[in-house]
Amino acid sequence: MAVHRAVAALVLLVLLLLLLVVVRLPWAGDLGIHAATVERLRHSLLDPGNPLVDADTPSPYYSPWMLLLGCVARVTGLSVFVVLRLGALAALALLVTGVWRYVRTLSAHRAAPALALLCLVLLWGTVLFNWSGFLGLGSLALTVAYPSVFALGLAFHFWAGLAGVVRGGGPVGRSSRSWPWPWLGLGVLWAVILLCHQFSGVVASLGGLATVLGARCGRGVWLRLGAGLALGVVVLWIWPYYDFFALFGAGDGLEPVHRSLYRGLPGRLWLVLVGVAALVPRWLRDRRDPLVLFFVLGALVFAAGGVSGHWSWGRALPAAVIPAQLAAALEPLESGRRVVRAGWACALAGALVVGAWTQAGTLGYVVGRGVLPEAVAAKYREPWAGYHWITPWVSYGDVVMARTSAARQIPAYGAYTVAPGYPDFFLGDEGARVEAVRRFFAEGTVWAERWGILREYGVRWVVDRGVGLRGVEGLREVARGPGGQVLYAVVR
């Protein structure tokens, strides 16, 4: 009872921190493209076009979740960032309840769900690992408004529901082996996860496969599973906003940005070794333990990506980390002998303390770096300032010439940029746009060439840092922003 209360109190503190983070909504990484996606859907639900550049192309960012948030923005008139905060609250609630449900399929111990939540957010390493789809506390603080958190929340509910039906717990007391509807519902849920965040969909798929393999299902279950999968594939096929299956050809453009996932792994993940060790006794007790199978499948996909050079496969890493973290949470509660449970508890407590200290800089997103102790402030990552300062002049739909860093943020306020700030598989002239931006800002480029680029892409504004464009013919300085940035109007 005391352990349960202590763990529950710690989880409440973590959740309170994340709720306060949602209020502040620190900006880094991909928040701009998600805000831009909601903004486009607010203006046109049926034909939003490319979220970043002025082009009529599909986009994988137009997911069911973003469509729902776009409808909320359209109906309520709330600003995009308020809608994203509401979405973050919903995604966080979905994640917590999903973990709770799934862990309940693995353990009946009262403290298991709360301890599992602590392990998921704190049991990583002593080097921060902030990526969309990764559940470390610091990563969650930066990505809580991303579709990946919503998709992972759905994934935990998917695993919980799948564990229930493969064990025969169908609705209204009937066996799921003779009741097809739960399987069809899970098939639709699987498709929604894949549409909302493809990488989290891979993790969900691996976890689902481990759940089914661990249940030693008979032929009837496999037939119903096939029916659910078939319906899920149909949902993927008929989704109108982008061609899901075309994404299988997008690998080459995604590989360079994901190569860093395979670097510095010991520092980023060594605390997870407590969970890997906890998987061993689970495997000895049951050779088809679902967490062991889940870990093996995730590790194999991750390793295959490293060996083959498909670095984007590294996004499957949570499929190995999550089961190890859950095993670390369960072993101190379920090992047979008291002395063994005490040993696991001590090892896990030490790892959690180290993990919490590593991610203590997350406090800065709530209280500000200035009030943090120096040792904690050193762990704080300054979020982006944003480009709200250009909005008095730049209107919705205006095209802005900007370099990559600015191009990742400006579309969040309704404007377009010449080149997208992120790889865009569906944008056929992406390479030409990137080259046009490079040539425009290159030293020595003559004004005639610059003017041709501005006319070709309908540019009305230019944003740049420093003094490189001051005094250039055809550009008039309008405003100055943080970090020496300047907004120029195109006047010729």
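Sort out which residues of region 179-191 are hydrophobic (A, V, I, L, M, F, W, C) and surrounded by fewer than 22 Cβ atoms within 10 Å (Cβ to Cβ), and write them in order of number.
Trp179, Trp181, Leu184, Val188, Leu189
Inside region 368-390, can you point out the residues that are surrounded by 14 or more Cβ atoms within 10 Å (Cβ to Cβ) and either of a type in the set (A, V, I, L, M) or without any contact (Cβ under 8 Å) to a residue 60 or more places away in the chain (or both)? Steps first, please.
Here is the first cut: in region 368-390, the residues surrounded by 14 or more Cβ atoms within 10 Å (Cβ to Cβ) are 369, 372, 376-377, 379-381, 383-384, 386-387, 389-390.
Selection gives Arg369, Leu372, Val376, Ala377, Tyr380, Ile390.
Here are some residues: Ala412, Ala419. Which one is within 21 Å of His34 (Cβ to Cβ), assigned to a loop (DSSP other than H, G, I, E, B), out of contact with any Asp or Glu (no Cβ under 6 Å at 6 or more places or on another chain) and modelled with pLDDT of 95 or more?
Within the list Ala412, Ala419, the selection yields Ala419.
Looking only at region 436-443, decide whether some residue is more than 20 Å from Val486 (Cα to Cα) and acidic (Asp, Glu).
No, the conditions are met nowhere in region 436-443.
Restricting to helices (runs of 4 or more DSSP H) lying wholly in region 219-293: which have 1 or more residues that are on the phi > 0 side of the Ramachandran plot and open to solvent by 50 Å² or more (accessible area, probe 1.4 Å)?
Because the criterion is at least 1 residues that are on the phi > 0 side of the Ramachandran plot and open to solvent by 50 Å² or more (accessible area, probe 1.4 Å), no helices (runs of 4 or more DSSP H) in region 219-293 meet it.
Over 20 Å from Val23 (Cβ atoms), part of a helix (DSSP H, G or I) and open to solvent by 10 Å² or more (accessible area, probe 1.4 Å): which single residue out of Leu117, Leu142, Leu152 fits that description? Give the derivation first.
On the way: Leu142 fails: over 20 Å from Val23 (Cβ atoms); Leu152 fails: open to solvent by 10 Å² or more (accessible area, probe 1.4 Å).
Step by step, each of Leu117, Leu142, Leu152 is checked, and only Leu117 is over 20 Å from Val23 (Cβ atoms), part of a helix (DSSP H, G or I) and open to solvent by 10 Å² or more (accessible area, probe 1.4 Å).
Of all residues in region 246-275, which are under 20 Å from the mean Cα position of the chain (by Cα), under 21 Å from Pro423 (Cβ atoms) and hydrophobic (A, V, I, L, M, F, W, C)?
Those that are under 20 Å from the mean Cα position of the chain (by Cα), under 21 Å from Pro423 (Cβ atoms) and hydrophobic (A, V, I, L, M, F, W, C): Leu247, Phe248, Ala250, Leu254, Val257, Leu261.
For region 315-322, check the following and say yes or no: at least one residue is in contact with a Gly (Cβ under 8 Å, 6 or more places away or on another chain), buried (at least 24 other Cβ atoms within 10 Å of the Cβ) and not in a helix (DSSP H, G or I). So that I can check it myself, show each step before the final result.
Here is the first cut: in region 315-322, the residues in contact with a Gly (Cβ under 8 Å, 6 or more places away or on another chain) are 315-322.
After this cut, where a residue has to be buried (at least 24 other Cβ atoms within 10 Å of the Cβ) as well, the list is 315-322.
From what is left, the residues that are not in a helix (DSSP H, G or I) are 317.
Taking every residue of region 315-322 in turn, at least one turns out to be in contact with a Gly (Cβ under 8 Å, 6 or more places away or on another chain), buried (at least 24 other Cβ atoms within 10 Å of the Cβ) and not in a helix (DSSP H, G or I).
So if I check each of Trp384, Trp389, Trp393, which one is hydrophobic (A, V, I, L, M, F, W, C), under 21 Å from the mean Cα position of the chain (by Cα) and at negative phi?
None of the others qualify; the one that does is Trp384.
Can you pull out every residue in region 80-114 that is open to solvent by less than 20 Å² (accessible area, probe 1.4 Å), in a helix (DSSP H, G or I) and over 30 Å from Gln409 (Cα atoms)? Quick ask: steps written out before the conclusion?
Of the residues in region 80-114, the ones open to solvent by less than 20 Å² (accessible area, probe 1.4 Å) are 80, 83-84, 87-88, 91-92, 95, 98-99, 102-103, 107, 111-114.
Checking which are in a helix (DSSP H, G or I) leaves us with 80, 83-84, 87-88, 91-92, 95, 98-99, 102-103, 112-114.
Result: Gly98, Val99, Tyr102, Val103, Ala112, Pro113, Ala114.
For Gly431, which of the numbered conditions (1) loosely packed, with under 15 Cβ neighbours inside 10 Å; (2) in contact with a Gly (Cβ under 9 Å, 6 or more places away or on another chain); (3) under 24 Å from Tyr242 (Cβ atoms) fails to hold?
Gly431 satisfies every listed condition except (2).
Given the conditions (1) assigned to a helix (DSSP H, G or I); (2) out of contact with any Phe, Trp or Tyr (no Cβ under 7 Å at 6 or more places or on another chain); (3) open to solvent by less than 30 Å² (accessible area, probe 1.4 Å), report the number of the one that Val165 does not fulfil.
All conditions are met except number (2).
The values are calculated or read from the model by the stated rules, or taken from the named source; none is laboratory data. Note that the structure is predicted; figures quoted are calculated from it, not measured. Cβ sites come from the backbone with ideal geometry, for glycine too, and all protein chains shown count toward neighbours. Accessible surface is based on the protein model in full, side chains and every heavy atom, while ligands, DNA and RNA are left aside. Shrake-Rupley method; radii C 1.70, N 1.55, O 1.52, S 1.80 Å.
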